[in-house]
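Rule-based calculations on the coordinates, nothing more; no lab input. Keep in mind the model is a prediction, meaning the values are calculated, not measured. Cβ sites come from the backbone with ideal geometry, for glycine too, and all protein chains shown count toward neighbours.
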Amino acid sequence: MSNVFIAFQVNEESRPVVDAILADNPNATAVYSPGLVKIDAPNSLVIKRESIEEQLGQRYDLQQMQVNLVTLSGHIDEDDDQFTLSWNH
Amino acid sequence: MTVDLQAREIQPLRNTFSHVARYVGDDKPATRYQEATFGAQATSNFHYRPTWDPEYELFDASRSKVVLADWYVLKDPRQFYYGTWTMARARQQDAMESSYQFVESRDLINKMPDDLRDKVCQVIIPLRHVAWGGNMNNCMIAAYGYGTAFTAPASLHAMDELGVAQYITRLGLALDEPSGLDAGKEAWLKAPQWQALRHLVEDSFVVRDPFEIFVAQNLAIDGLLYPLIFGHFIDDHVALNGGTAVSMLSAFMVEWHEESNRWVDAVVKTAAAESEANKTLINEWTHAWSKRMHDALVPIAQMALGDKGASTLEDVFTQFQARCKKLGLSA
């Protein structure tokens, strides 16, 4: 079992994304370091548009997340509604 | 000489202001919406009562008959404060500008049949006075209501209503000569079809209870007007008969109505759920204002949609009642 991770800049825009990820992925852990939040999760991690919209109270385009995205690891499976990181091997 | 640079992490001692933390706790940073909203209402040390209304304090929850233990329960699901609201509206304004450019560069207005264009002018242009009424009424809520969670979105909503009035004016200028606006005002003041609605809008200006005016304006008046005019008339009737341009130029109204309904619904639902007394009051207001609005719309539905007007209005009213039921009202 190996981890996937995704890291964002810590700011108002990324906060609902981080909150949504932590709500949707019970195994994920967020580590805050100055200016950066890195979220680790075993095997896979999913980001759902709907959950972000719930946190935000407004419509959200998953592409908006790229603005604050710092780095990630894992294979990406992405469409309009979700963004999944996992290892396909 | 060597300089040793080290990164050091400094943990903030507190995550937010204590007046915000009282509502949301201090275990994690509060959102901008929470910091702009919670605990912002002035509550004490009003040394003098207003000379113009000495029965009440400057900010006084008892101006409304609706009683809430804590007015901050009326949260806005859109989480609008000045920043998020201006950004959202700026995006919509950009979209509207490009729609105007599209319509103007292709001369789509002149490709509409003349009688359809006249019909749209006849129905739409006087509505800018209704939107202006919405602006007045929401300003009243912002001024005399209680609790920032309730009054701040109302002041944003007031500006939105003014924006709608301006979009209607601009649409009028795109469809017709500037004199069309005068004709619209003349119709609003004199034409028999508009008098019931004008009477209703003007009556709403003298309501003194901020929550009643919220129910009257944002739930009943707009809740019936927008689906009928911008839904059934513009998007169904006009668009199908060669007026897609008008549909494009009123896209904001449809989008805005759908979005702000989430706020209106949340406020009404929360206030009605707090006590039986609130529910009865809100029910009465909803009944009275929506009934009056329905009656005022009869001649306008007839003017806009002809024979189908009456049945369309009934559909709109049935959907409105279903919406009220979902909010815990029995309307």
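So what's the convex hull volume per residue for the Cα atoms of segment B:199-331, in Å³?
Values: hull volume 13.2 nm³, N = 133.
About 99 Å³ per residue, rounded to a whole number.
Pick from B:109, B:125, B:234: which is most flexible by mean-square fluctuation in a GNM of chain B where alpha carbon atoms under 10 Å apart are linked?
In this elastic network of chain B, the residue with the biggest mean-square fluctuation among B:109, B:125, B:234 is B:109.
Note the angle between two axes, namely the Cα long axis of helix B:114-124 and the longest principal axis of the Cα atoms of chain B, as a number of degrees from 0 to 90, rounded to the nearest 10.
40 degrees
Give me the Debye-computed log₁₀ of I(q)/I(0) at q = 0.11, 0.14, 0.17 Å⁻¹ for segment B:135-205, equal point scatterers on Cα only, no solvent, two decimals.
Cα-only, vacuum Debye calculation for segment B:135-205: -0.38, -0.58, -0.78.
Can you find, among B:159, B:144, B:130, the residue farthest towards the positive end of the dipole of segment B:91-162? Put +1 on the C-beta of Lys and Arg, -1 on that of Asp and Glu.
B:144
Please arrange A:31, B:103 by how many other C-beta atoms lie within 10 Å of their C-beta, fewest to most. Before the final figure, lay out each step's value.
Numbers: A:31 11, B:103 19.
Fewest-to-most Cβ neighbours within 10 Å comes out as A:31, B:103.
Based on a Kirkwood Rh over C-alpha pairs, give the Stokes-Einstein translational diffusion coefficient of segment B:138-259 at 4 °C and viscosity 1.567 mPa s in µm²/s.
Details: Rh = 15.9 Å.
In µm²/s, the coefficient is 82.
Using only Cα atoms, tell me the angle between helix B:192-204 and the longest principal axis of chain B; keep it within 0 to 90° and round to the nearest 10.
With rounding to tens, the tilt is 20 degrees.
Which of the lysines could a cross-linker span from residue B:269 if the Cα-Cα distance has to be under 25 Å and same-chain partners fewer than 8 positions apart are dropped?
B:65, B:75, B:279, B:291, B:325, B:326
Kindly express, to the nearest 10 degrees and within the range 0 to 90, the angle between helix B:251-274's C-alpha long axis and the longest C-alpha principal axis of chain B.
The answer is roughly 50 degrees.
For a Förster distance of 35 Å, can you work out the FRET efficiency between the beta-carbons of residue A:23 and residue B:44, rounded to the nearest 0.05? Kindly include the intermediate steps, with their values, before the conclusion.
Values: r = 38 Å, r/R0 = 1.08.
E(calc), rounded to 0.05, equals 0.40.
Please name which of A:21, A:75, A:7 has its Cα lying farthest along the dipole of chain A towards the positive end, using unit charges on Cβ (Lys, Arg +1; Asp, Glu -1) and the Cα centre as origin.
Result: A:7.
Tell me, B:317, B:211, A:8 in order of fewest to most beta-carbon neighbours within 10 Å?
On the way: B:317 20, B:211 27, A:8 24.
Listed from fewest to most nearby Cβ atoms, that is B:317, A:8, B:211.
Cα-based Rg (one decimal) and Dmax (whole number) for the protein assembly as shown, in Å?
In order Rg, Dmax, the Cα atoms of the protein assembly as shown give 25.2, 92 Å.
For chain B, take every pair of Cα atoms, bin their distances at 20 Å starting from 0, and report each bin as a whole percent.
28, 51, 17, 3, 0
Using R₀ = 45 Å, calculate the FRET efficiency as 1/(1 + (r/R₀)^6) where r is the Cβ-Cβ separation of residue B:174 and residue A:50; round to 0.05.
Values: r = 37 Å, r/R0 = 0.83.
Calculated value: 0.75.
Where q = 0.18, 0.22, 0.24 Å⁻¹, what log10 of I(q)/I(0) comes from the Debye formula for chain A, counting one point per Cα?
One equal scatterer on each Cα of chain A leads to -0.71, -1.09, -1.31.
Report, largest value first, the span of the C-alpha coordinates of segment B:29-97 along each principal axis, in whole Å.
On the principal axes, segment B:29-97 reaches 47, 32, 23 Å in Cα extent.
Could you order the peptides B:303-309, B:30-36 from most to least packed, using the average number of other C-beta atoms within 10 Å per residue? Intermediate values should be presented prior to the final figure.
Details: B:303-309: 17.0, B:30-36: 19.0.
Highest mean packing first, the order is B:30-36, B:303-309.
What FRET efficiency would be calculated for the residue pair residue B:186, residue B:2, taking the C-beta separation as r and a Förster radius of 60 Å, to the nearest 0.05? Show your work: numbers first, answer last.
Working: r = 84 Å, r/R0 = 1.40.
Between residue B:186 and residue B:2 the formula returns 0.10.
Give me B:236, B:4 sorted ascending by neighbouring Cβ count inside 10 Å, so fewest comes first. Intermediate values should be presented prior to the final figure.
Numbers: B:236 14, B:4 4.
In increasing order of surrounding Cβ atoms, one gets B:4, B:236.
Mind listing which trypsin sites (Lys or Arg not before Pro) in segment B:156-239 are in a DSSP loop and have 16 or fewer other Cβ atoms within 10 Å?
B:208
Which residue, chosen from B:228, B:189, B:40, occupies the Cα position most advanced towards the positive end of the dipole of the protein assembly as shown, where the dipole is computed from +1 (Lys, Arg) and -1 (Asp, Glu) charges on Cβ about the Cα centre?
B:40
Multiply the residue separation of residue A:59 and residue A:13 by 0.36 nm, subtract the distance between their alpha-carbon atoms, and state the gained length in nm to one decimal. Mind dumping the intermediate values first?
Working: separation 46, 0.36 × 46 = 16.56 nm, distance 1.30 nm.
That pair, residue A:59 and residue A:13, stretches by 15.3 nm at full extension.
From other protein chains only, count the Cβ atoms within 10 Å of every residue's Cβ in A:27-34, then give the mean.
Details: counts 0, 0, 0, 0, 0, 2, 2, 5.
Across A:27-34, the average partner-chain Cβ count within 10 Å equals 1.
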